[in-house]
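Student: Dumping the structure here so I can ask a few things about it.
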Amino acid sequence: MYIIAPENREALMKTLADMNARYSEEWKCPTSYLSKANYHTRLARSEVHSTTEAFRYAAALLLTGEENDRRRAEEVLWHVASLQDTDPTNATYGIWSWYMEEPLSQMSPPDWNWADFCGREILKVLEHHGDRISHSLYVFLEDALRHACLSIYRRNVRFSYTNISIMGAYVTLHAGQLLSWPWLFGYGAQRLKKQWEFAMKTGSFSEYNSATYTRVAIECLTCIHDVIRDPDVLRMADDLLDLAWRTVAAHFHAPTKQWCGPNARSYMWLTDAETLSFLEEGLERTVPLAGDAYTFTPDWAYMRLRCPEKYRGAFTACTPHDEALSFRVMGAFVEALEDAYALCHMEEDYALASWGVSTTWNQRRNLLGYWGGRETRFINASILHNRYDFSSGLLTTAQKDGHALVIADMVSDGGDTHCNLDMIKNETIRAYDLRVRIEIGGCYDGHWEVDGDTAVFTDSVRRIVVRLKDASFDGHRPRFAVTDSEEESALLETHADLHRRFIPADREALRRQVTTQNSASLQQEVSRSYLDVVWYEGEEKEINLSKLKDAFAVLYVSMDGVLPRALDARVENGMVYASAELEDHALSVRAPAKCVSRFDFAAAHQVQQDRRKS
């Protein structure tokens, strides 16, 4: 009988107590509250029952070894497995909806990743608890796994979709081995090989340095290492695991305990307790990263997370360094853009990271910095449409140490709230607000002071300077505006948008948690200070992006609180040229002054960092 290790039992029972308290007999699943709109679902501000949480709950129940928990796990599994689409003539064959209240036909759109996520959970049950569940349920779950694997095979995602590429490889490898399907195992091996070839050639994953999805990759690769018997597969999995852990270590800033940017995909600004708990588990709990907030995830009972010894020092001390990488991105954030440059500068007092060029989709972290030690602060840059991160916004950035030169502009044919699920039609958006934003959050205790085109943020730890060198929107010169998260919430309540960064009710709950736990990762959403370049603010109207005379802003950001020797920006022949002279470097960036197509933007932008001749 496979049960939880004694040293983890107390933590598991604590997690299960919470899930048991939320359990719904009607839905055979713990109840959760969905506060705001997400991709793929039309639900918001309502109680929901997640199919993936139901599977995870059942797998957690089976770890206790208790008969009552086994019986409830069976009830849950019978119910949630039956919600799968098993009709091979349907496009959604083999997948589940996100929430039991919302069938696949009502999703916006369905998420084919659910074959991978749910298949991974089914494998835990079949591999480790097949001897404890009823034979009829075992057969039923085998069939569900086959349907999920056939969906994964039919979809056949590209290796550029890193976390799903690796997860699907794991599911099909393990299922092929478990179900004695050699062809399926061979497919999983070939899929992993493509990921391995790309990563070994470029030194990275396409979903570069994602705290969420690098973690998913590490967990799935660890499962391959633990259960798959093929030596060639194991060699590739070990190589990819080493790369993943090296990426984490290179971007971890020990003084602030932050997983630094730049991030191709992220759901956080400050590293949350769950992610720190994951890293602590990978360090075999030798480094108390999460501290009192450590939470054991039942998934970890099914794998042995192991950060290689050679990378562990990065989690206890900061060695000043630059982590720079230039690589080819398949399925890039700008589809015509095939090359990306990522830079992370780290020193004891702070870290600052940037992409050479990236959209401002809300999962990108383009210009992201941390300081303040354990009372962590952060700075982040984005472009907002109706106060939500705009996927067609673009930041082109040259960085040296704690200094960054940025051109903010937009493309006319990208996504709106998502990089590909809600593309702009006819180059036209409806907007009551468009702005470039520099935001500060976390445990800050200072404020912005604006003097013309120069803004200074000063707190008890650091002084940050931002200069607006040039800006224009449809021929008009925008200026700085300072706002905060309280004003933001009040404004958003006057609009019906479901896509929001924060929800007032959530903020009140977070305040109470901060009061008792004094956690920076909770405080991140409680208060923020915003320095904005306001392009448009007023009545909602249609804006044809391609017909604007221009739309850009040139910003210089210094974490050291100093301006460069010289700073210049000019517009010539429809292009913005910006440059900065530092002590020993010259930074320059170039981007279109008007909103152009993604293809035209990719051909026109440029980022350059030159060391000056002595």
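The values are calculated or read from the model by the stated rules, or taken from the named source; none is laboratory data. Small disclaimer: the values here were computed from a predicted structure and weren't measured. A quick note on method: Cβ atoms are made from the backbone with ideal geometry, for glycine too, and the neighbour counts reach across all protein chains shown. The protein model used for the area step is the full one, side chains on, heavy atoms only, and it has no ligands, DNA or RNA in it. Shrake-Rupley method; radii C 1.70, N 1.55, O 1.52, S 1.80 Å.
Student: Report the charge-dipole magnitude of segment 363-412 in Debye, nearest 20, computed about the Cα centre from +1 at each Lys and Arg Cβ and -1 at each Asp and Glu Cβ.
Tutor: 140
Student: What distance in nm separates the two pseudo spin-label positions at GLU487 and ALA293, each 7 Å out from Cα along the beta-carbon direction?
Tutor: It is 2.8 nm.
Student: Taking every pair of distinct Cα atoms and averaging 1/r, then inverting, what Kirkwood hydrodynamic radius in Å comes out for segment 1-114?
Tutor: Value: 15.2 Å, from the Cα pair sum.
Student: Compute the normalised compactness of segment 144-267: alpha-carbon radius of gyration over 2.2 N^0.38 Å, N being the residue count.
Tutor: For segment 144-267, the normalised Cα radius of gyration comes out at 1.07.
Student: Let me ask something else. By how many nm would the segment from LEU179 to ARG479 lengthen if fully extended, with 0.36 nm per residue of separation less the alpha-carbon distance?
Tutor: Fully extending the segment from LEU179 to ARG479 adds 101.7 nm.
Student: What is the magnitude of the charge dipole of the chain about its Cα centre, with +1 placed on the Cβ of each Lys and Arg, -1 on the Cβ of each Asp and Glu, and no other charges, expressed in debye to the nearest 20?
Tutor: 1000
Student: Taking the simple approach of a point 7 Å from Cα along Cα-to-Cβ for both GLU47 and GLN190, what is their distance in nm?
Tutor: So the label points at GLU47 and GLN190 sit 4.8 nm apart.
Student: Relative contact order for the chain: what percent, with Cα pairs under 8 Å and sequence separation of 6 or more?
Tutor: Value for the chain: 10 percent.
Student: Where does the chain land at 222 nm, in deg cm²/dmol rounded to the nearest 500, when only DSSP H runs of n ≥ 4 count, each adding -39500 (n - 2.57), divided by all residues?
Tutor: Here the helix-only value at 222 nm equals -10500 deg cm²/dmol.
Student: Quick one: length gained pulling GLU25 to SER326 fully straight, 0.36 nm per residue minus the C-alpha distance?
Tutor: Result: 103.2 nm gained on full extension.
Student: While we're looking at this one, here's another question. I'd like the orientation of helix 182-202 relative to the chain: the angle between its Cα long axis and the longest Cα principal axis, in ° from 0 to 90, rounded to 10.
Tutor: That helix lies at roughly 20 degrees to the long axis.
Student: Which FRET efficiency value, to the nearest 0.05, do you get for ARG229 and LYS14 by plugging their Cβ-Cβ distance into 1/(1 + (r/R0)^6) with R0 = 35 Å?
Tutor: Computed FRET efficiency for ARG229 and LYS14: 0.50.
Student: Go ahead and run the numbers for FRET between ASN68 and GLU142, Cβ-Cβ distance against an R0 of 25 Å, rounding to 0.05.
Tutor: According to the calculation, E is roughly 0.50.
Student: Here's something else I'd like to know. Suppose all protein chains stay in the model; what accessible area per residue would a 1.4 Å probe give for segment 389-510, in Å²?
Tutor: 37
Student: May I pose another question? Using the reciprocal of the averaged 1/r over all distinct C-alpha pairs, how large is the Kirkwood radius of segment 426-501 in Å?
Tutor: Kirkwood radius, segment 426-501: 15.1 Å.
Student: Leaving out ligands and nucleic acids, and using a 1.4 Å probe, what accessible area per residue does segment 141-212 come to in Å²?
Tutor: Heavy-atom accessible area per residue stands at 34 Å².
Student: Please work out the Cα center distance from segment 408-452 to segment 59-93, rounded to the nearest Å.
Tutor: 41
Student: What do the square roots of 5 times the Cα gyration tensor eigenvalues come to for the chain, in whole Å, largest first, as semi-axes of the equivalent ellipsoid?
Tutor: Rounded to whole Å, the semi-axes are 42, 26, 25.
Student: Run the reach check for LYS547 against aspartates and glutamates, Cα to Cα strictly under 20 Å, same-chain hits fewer than 8 apart removed. What comes back?
Tutor: Cα-Cα hits under 20 Å: ASP409, ASP413, ASP416, GLU427, ASP433, ASP474, GLU537, GLU539, GLU572, ASP600.
Student: Could I have the simple spin-label model distance between THR454 and GLU537, label points 7 Å from Cα toward Cβ, reported in nm to one decimal?
Tutor: For the pair THR454/GLU537, the computed spacing is 2.3 nm.
Student: Once amide H atoms are placed 1.01 Å from N in the peptide plane, what residues at a sequence separation of 5 or more from HIS585, or on another chain, have their amide H within under 5 Å of its amide H?
Tutor: Under 5 Å from the amide H of HIS585 lie the amide H atoms of ARG612, each far enough along the sequence or on another chain.
Student: Apply the Karplus parameterisation 6.51 cos²θ - 1.76 cosθ + 1.60, with θ equal to phi minus 60°, to every residue of segment 462-467 and state each ³J(HN,Hα) to the nearest whole Hz, in sequence, with x for glycine and proline.
Tutor: So the J values, rounded to whole Hz, are 8, 10, 10, 10, 10, 10.
Student: List the lysines whose alpha-carbon lies under 20 Å from that of LYS400, not counting same-chain residues fewer than 8 positions away?
Tutor: List returned: LYS469, LYS613.
Student: Please give the peptides 47-58, 422-433 ranked by average Cβ packing (other Cβ atoms within 10 Å per residue), highest first, as a rough proxy for protection.
Tutor: 47-58, 422-433
Student: Carbon-plus-sulfur fraction of the accessible area of the chain, 1.4 Å probe, in percent?
Tutor: It is 48 percent, rounded to a whole number.
Student: List every residue whose amide H lies under 5 Å from the amide H of SER108, counting only residues 5 or more places away in sequence or on a different chain, with H placed 1.01 Å from N in the peptide plane.
Tutor: Answer set, sorted by chain and number: HIS40, THR41, ARG42.
Student: When you count, for each residue, the other Cβ atoms within 10 Å and take the mean per peptide, how do 544-551, 368-375 rank with the highest first?
Tutor: By packing density, highest mean first, the sequence is 368-375, 544-551.
Student: In degrees from 0 to 90, rounded to the nearest 10, what is the angle of the helix 114-129 Cα long axis to the longest principal axis of the chain?
Tutor: Its long axis makes an angle of about 40 degrees.
Student: Helix 273-282 versus the longest principal axis of the chain: what angle, 0 to 90°, nearest 10, using Cα atoms?
Tutor: 60
Student: Let me ask you something else. Just need the relative contact order of segment 548-614 here, percent rounded to a whole number, with Cα pairs under 8 Å and 6+ apart.
Tutor: 28 percent.
Student: Let me have the relative contact order for segment 354-463, percent, based on Cα pairs under 8 Å that are six or more residues apart.
Tutor: So the answer I get is 26 percent.
Student: If you don't mind, there's one more thing I want to ask. List every residue whose amide H lies under 5 Å from the amide H of LEU283, counting only residues 5 or more places away in sequence or on a different chain, with H placed 1.01 Å from N in the peptide plane.
Tutor: Long-range HN contacts for LEU283: CYS307.
Student: OK, next. Could you name the lysines whose alpha carbon sits less than 18 Å from that of LYS541, not counting residues in the same chain fewer than 8 places away?
Tutor: LYS425, LYS549
Student: Residue by residue, what Karplus-based ³J(HN,Hα) values in Hz, rounded to whole numbers, does segment 396-412 have, using 6.51, -1.76 and 1.60 with θ = phi - 60° and x for Gly and Pro?
Tutor: 10, 9, 10, 10, 9, 6, x, 10, 9, 10, 10, 10, 9, 7, 9, 9, 8
Student: Rounded to the nearest whole Å², what accessible area per residue is found for segment 551-598 with the 1.4 Å probe?
Tutor: Computed with neighbouring chains in place, this is 38 Å² per residue.
Student: Based on the mean of other Cβ atoms within 10 Å per residue, sort peptides 262-271, 405-414, 34-43, 107-116 so the most packed one is first.
Tutor: Those peptides, ordered most packed to least, come out 405-414, 262-271, 107-116, 34-43.
Student: Based on the Cβ-Cβ distance of ALA496 and HIS447, what FRET efficiency does E = 1/(1 + (r/R0)^6) give at R0 = 25 Å, to the nearest 0.05?
Tutor: Efficiency for this residue pair is about 0.20.
Student: Dimensions of segment 218-371 along principal axes (Cα, Å, largest first)?
Tutor: So the extents along the principal axes, rounded to whole Å, are 40, 38, 27.
Student: Roughly speaking, what is the centre-to-centre gap between segment 147-164 and segment 565-587 when only Cα atoms are used, to the nearest Å?
Tutor: Segment 147-164 and segment 565-587 have Cα centres spaced 45 Å from each other.
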